[in-house]
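Colleague: Provided herewith is a single structure, encoded as structure tokens, for subsequent inquiry.
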Amino acid sequence: MPIPEQILRPLLLRYEQQRDRNKEELEARRGEVYRALPRVAEIDGLLSSTGLRLLSAAQRGDAHSLSERVAAIARENEALIAEKAALLEAAGYPADVLELHYLCPDCQDTGHIGGEKCHCFKQE
């Protein structure tokens, strides 16, 4: 049985607003962490440049040197991720402080999982 439009539209709007709040809260947490721990901001910048570093490595050499460079970048990233986790832990931040938080982690506040309505949507 289809949901009447006068019920569906406000419900979908609430989900959209919740996702917007989730993003705003993440940005606020990120700003707080970056102000308190500038090295974490630097690490995130380095990690986000991984794709460019891989592309650059691919353009510079043969397949053997490429595989070595890819492995080196992977090791560097693992070390950066470990350093970031240690910095966050030492400062008392939870491990997921820089991740989106959802009211419903199952559907990530969309109301749907695949093509099906989530249990939270059905409950609403």
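Colleague: What residue, among those in region 89-111 that are at positive phi and not small (Gly, Ala, Ser), is nearest to the chain's Cα centre (by Cα)?
Modeller: Checking each candidate, the answer is Gln108.
Colleague: Please go through region 11-47 and pick out each residue that is closer than 25 Å to Leu103 by Cα, more than 17 Å from the chain's Cα centre (by Cα) and not acidic (Asp, Glu). Can you show your working first?
Modeller: Our first condition is that a residue be closer than 25 Å to Leu103 by Cα; within region 11-47, this holds for 11-34.
Filter again for more than 17 Å from the chain's Cα centre (by Cα), leaving 11-17.
Of everything in region 11-47, those that are closer than 25 Å to Leu103 by Cα, more than 17 Å from the chain's Cα centre (by Cα) and not acidic (Asp, Glu) turn out to be Leu11, Leu12, Leu13, Arg14, Tyr15, Gln17.
Colleague: What pairs come up if the first residue lies in region 104-118 and is under 18 Å from Arg21 (Cβ atoms), the second is in a loop (DSSP other than H, G, I, E, B) and polar (S, T, N, Q), and their beta carbons are under 9 Å apart, counting only those six or more places apart or on different chains?
Modeller: Hits for this filter: Cys104/Thr110; Cys118/Thr110.
The numbers here are math on the coordinates, done by the rules we state, and not lab data. Predicted model, so just to flag it, every value in this text is computed and none were measured. Reconstructed Cβ throughout: ideal geometry from the backbone, glycine too, with neighbour counts over all protein chains shown.
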